[in-house]
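All remarks here apply to the structure that follows.
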Amino acid sequence: MADSSFDIVSTFEKMEVDNALNQAVREIGTRFDFKNTGAKIDWSGEKIEIEAESEDRAKAVLDVFKEKLVKRGVSLKCLDPGEPQLSGKIYKISCALKEGLSQENAKKVAKLIRDEGLKTVKTQIQGDELRVTSKSRDDLQEVIALVKGHEWDFAVQFTNYR
């Protein structure tokens, strides 16, 4: 019997992030507490830029955006907001979007799987993903439950289950 496998990745749906951003823009435009504060949020290359005339308004815009991401099913662990920076009279927050499983994070996941003691399960780092293989599909299901149950500082998804 052939080995079964799946990949552990850390990614997000760019279209869902874009939809959340558009919803946040609409809400910021209609909410009374954002009137005349210069609050706005928009793409800046691969990052998201937030601007407002005060630090607390900039943070409020970030909270609105986070709320929209959660409603769209995007993990907040993909979002890496910076500290509010004063630029002239405007506070700016630059938010990077983290995608891909780094080598060190892949090693953490592989170590957790190894330490659990499932003998038939093998892991292999392939670029920005971690391939998990085994002859037993039940063991793979155990690995998925183990990885989901652990608290990570990055988002994890499971793809290519065969």
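In region 1-52, which strands (runs of 3 or more DSSP E) lie fully inside it and hold 2 or more residues that are closer than 20 Å to residue 129 by Cβ and in contact (Cβ under 8 Å) with a residue 60 or more places away in the chain?
Hits in region 1-52: 4-9.
Residue 89 - would you say it is in contact (Cβ under 8 Å) with a residue 24 or more places away in the chain and in contact with a helix residue (DSSP H, G or I) (Cβ under 6 Å, 6 or more places away or on another chain)?
So residue 89 does not fit the description; no.
Which one is farthest from the chain's Cα centre (by Cα), of the residues in region 52-86 that are among the acidic types (Asp, Glu) and over 23 Å from residue 16 (Cβ atoms)?
53
From the residues in region 116-125 that are of a type outside the set (A, V, I, L, M) and at pLDDT 90 or above, which one is surrounded by the most Cβ atoms within 10 Å (Cβ to Cβ)?
By that ranking, first place goes to 123.
Would you be able to tell me the number of residues in region 48-66 that are β-branched (Val, Ile, Thr) and in contact with a Lys or Arg (Cβ under 6 Å, 6 or more places away or on another chain)?
Initial filter on region 48-66 (β-branched (Val, Ile, Thr)): 48, 50, 61, 64.
Those left that are additionally in contact with a Lys or Arg (Cβ under 6 Å, 6 or more places away or on another chain): none.
Final tally of qualifying residues: 0.
Every residue in region 32-43 that is under 20 Å from residue 18 (Cα atoms) and surrounded by fewer than 13 Cβ atoms within 10 Å (Cβ to Cβ), please.
42, 43
Restricted to region 67-88, and to residues that are surrounded by 17 or more Cβ atoms within 10 Å (Cβ to Cβ) and aliphatic (A, V, I, L, M), which residue is nearest to residue 25 (Cα to Cα)?
69
Looking only at region 60-75, how many residues end up being under 20 Å from residue 153 (Cα atoms), of a type in the set (A, V, I, L, M, F, W, C) and assigned to a helix (DSSP H, G or I)?
4
The values are calculated or read from the model by the stated rules, or taken from the named source; none is laboratory data. Just so it is clear, the structure is predicted and the values come from calculations on it, not from any experiment. Neighbour counts are summed over all protein chains in view; Cβ atoms, including those assigned to glycine, are modelled from backbone coordinates with ideal geometry.
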